[in-house]
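Data block below; observations after.
The values are calculated or read from the model by the stated rules, or taken from the named source; none is laboratory data. These numbers come from a predicted model, not from an experiment. Cβ coordinates were reconstructed from backbone atoms using ideal geometry, including for glycine residues, and neighbour counts include every protein chain displayed.
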Amino acid sequence: MRRKIKDITFRNNPKMREKLEKQIMITVGANVRALRTLRNKTQGDLAEACLAEQATISNIEAGKKGPSMAMLGTLSTVLDVPVAYLFMYHTDISKS
């Protein structure tokens, strides 16, 4: 007889899912900010290059808003990194 393994997916644990989503937004925002400053760009410069509002870039960097898939692609192109790089945890991005 097979035992059923307990389903512990995020679907069954909304608090865990919400916490993970917030951490991802914070990580992406921190990476966008670090890469932007490393390239000596202001939020306004990055917003202009991405055809977005400066407030949108500010909210992404602050982890208040997650970027759309299209914005992720645009940010990665403008910042010259793969999209996956924006999701990675970096202890010191300036050494990358």
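Of all residues in segment 64-82, those being in a helix (DSSP H, G or I) and within 11 Å of V32 (Cα to Cα) number 5. Please verify whether L51 is at pLDDT 95 or above and either closer than 15 Å to I26 by Cα or hydroxyl-bearing (S, T, Y) (or both), treating the condition exactly as stated. Spelling it out, it is not the case that L51 is at pLDDT 95 or above and either closer than 15 Å to I26 by Cα or hydroxyl-bearing (S, T, Y) (or both). Screening M88 on (1) modelled with pLDDT of 95 or more; (2) within 12 Å of the chain's Cα centre (by Cα) shows it passes everything except condition (1). With the structure loaded, tell me whether Q43 is among the polar types (S, T, N, Q) and in contact with a Ser or Thr (Cβ under 8 Å, 6 or more places away or on another chain) or whether it fails that test. So Q43 fits the description; yes.
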